[in-house]
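Reading through the structure tokens given below for one structure.
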Amino acid sequence: MTQKIAILPGDGIGKEIVAEAVKVIEFLKADGVLDVELNEAPVGGAGYDADGEPLPAATLALCKESDAILLGAVGGPQYESLPREKRPEKGLLGLRSELELFSNLRPAILYPQLADASSLKPEIVSGLDIMIVRELTGGIYFGQPREITEKDGERYAYNTAGYKESEIERIGRSAFEIAMKRDKRVCSVDKANVLEVSELWREVMENVAKDYPEVELSHMYVDNAAMQLVKWPKQFDVMVTSNLFGDVLSDCAAMLTGSIGMLPSASLDSNGRGMYEPIHGSAPDIAGKGIANPLATILSISMMLRYSLNNEAVAQRIDDAVGKVLDQGLRTPDIMSEGCTEVGTAAMGDAVVEALKA
Ligand code: IPM
Ligand code: MG
């Protein structure tokens, strides 16, 4: 049966890198190993430009009837002065909540070919393979009430950080399920020494852990987790945390690898439908120059095949092709190092397609 993929390039370098991922999909279709239909729609700033909304109704409808979504990136300086409701980020947050994509998987993997790219010493990061599981549809990002108001004669603003037990439980289960396929260790990150919401988080994680006796659960305060990530990141296997903490820690973990341009992510609902996107953003400073690294987006396709489209064999073929291209010494500027060959976005995409043929 033909599976439907919604293609949402978004803003900035989004269009360029998604075009390369589409090349890969089209090749695999022509090769007869993928039976998918692609439908493109605008989101973020592109949605606002096309329709006056960062998440146009037609885009949301398309995503709802698709088996998986590929997203480039959203955001750009030209949209920063818009009212909050119209900003590109709202499009992304809207997709996450409307589609109930509560489980955000953000791997931080160090490719052996790129060991020099990290700003940390090689012995600290070599072989690094962490999976951050970030809760994506709750917590302070979505909590009500929230506003900028007045109090005691001056302006006052507040947000609400809240989690229902069921929300904590389902992200906990996601993390434990993933840990079962890895090294069977989960570190739950919270701020239980200060926050009630973290106290409940910890208690629910302990309860979920009872269903996974093979998995070792530990807890860490978020400040310490940030420190430990930089100090000795290889101590972690799976980290599970709330929306805001996960936002911060996943950028930190991604940068340990020195090549944020290589890292894909998945945002999943409870049925395995998912949105796949590179971890890096829209990079307006290099947009349109043809130098952005398309590999994170191409690797997002392989995550999509694994988690939503049930096609491990082709996922592995893409991963291998990316490995081959790195072995050939091809590098976009963000991962360039001595002795390698610098290539642009399109040449990198073409090289992956060539490697897939071999
Ligand atoms: C991310 C981004 C988003 C977030 C922004 C663009 C709303 O930083 O996906 O990590 O904060 O979740
Ligand atoms: Mg972020």
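The values are calculated or read from the model by the stated rules, or taken from the named source; none is laboratory data. Since the structure is predicted, the reported quantities are computational estimates derived from the model, not experimental observations. Virtual Cβ from ideal backbone geometry, glycine too; neighbours counted across all protein chains shown. When the accessible area is computed, the model is the full protein with side chains, heavy atoms only, and any ligands, DNA or RNA have been set aside. Shrake-Rupley method; radii C 1.70, N 1.55, O 1.52, S 1.80 Å.
Remark: the range 302-312, residue by residue, has Karplus-estimated 3J(HN,Hα) of 5, 4, 4, 5, 6, 8, 10, 9, 6, 9, 4 Hz, where x stands for each Gly or Pro and the curve is 6.51 cos²θ - 1.76 cosθ + 1.60 at θ = phi - 60°. In this calculation the C-beta distance from Ser97 to Val248 is compared with R0 = 25 Å, giving a FRET efficiency of 0.80.
Residues Lys231, Lys181 ordered from highest to lowest accessible area at a 1.4 Å probe: Lys181, Lys231.
Compared with the alpha-carbon gap, the fully stretched path from Val230 to Tyr158 is longer by 22.8 nm at 0.36 nm per residue. For Val240, the residues whose modelled amide H falls within less than 5 Å of its own, excluding neighbours fewer than 5 places apart on the same chain, are Val133, Cys187, Ser188, Val189.
Under the combined filter of DSSP loop state and at most 14 neighbouring Cβ atoms within 10 Å, the range 283-358 retains these GluC sites (Glu not before Pro): Glu338. Toward the positive end of the charge dipole of the chain, with +1 on the Cβ of Lys and Arg and -1 on the Cβ of Asp and Glu, the farthest Cα among Met205, Tyr141, Gly162 is that of Met205. Whole-Hz Karplus values for the range 97-114 come out as 7, 5, 9, 6, 8, 7, 10, 9, 9, 10, x, 10, 10, 9, 6, x, 5, 10 Hz, taken residue by residue from phi with 6.51 cos²θ - 1.76 cosθ + 1.60 and θ = phi - 60°; glycine and proline positions read x.
If I take R0 = 30 Å and measure r between the Cβ atoms of Leu195 and Asp51 in this structure, what FRET efficiency does the formula 1/(1 + (r/R0)^6) give, to the nearest 0.05? The calculated FRET efficiency here is 0.15. Its residues counted as N, the chain yields a C-alpha radius of gyration over 2.2 N^0.38 Å of 0.98.
Relative contact order for the chain: 21 percent, from Cα pairs under 8 Å spaced at least 6 residues apart, divided by residue count.
On full extension, the segment bounded by Asp319 and Ala347 gains 8.3 nm, given 0.36 nm per residue less the C-alpha separation. Computed from backbone phi with θ = phi - 60° and the Karplus coefficients 6.51, -1.76 and 1.60, the 3J(HN,Hα) list for the range 24-30 is 5, 4, 4, 4, 5, 5, 4 Hz; x is used for glycine and proline. What the Cβ-Cβ distance of Arg182 and His219 gives, at R0 = 30 Å and to the nearest 0.05, is a FRET efficiency of 0.95. GNM on the chain, alpha-carbon springs under 10 angstrom: the most fluctuating residue among Ala108, Ala347, Ala313 is Ala313.
For Gly72, the residues 5 or more places off, or on other chains, whose built amide H falls under 5 Å of its own are Leu8, Gly10.
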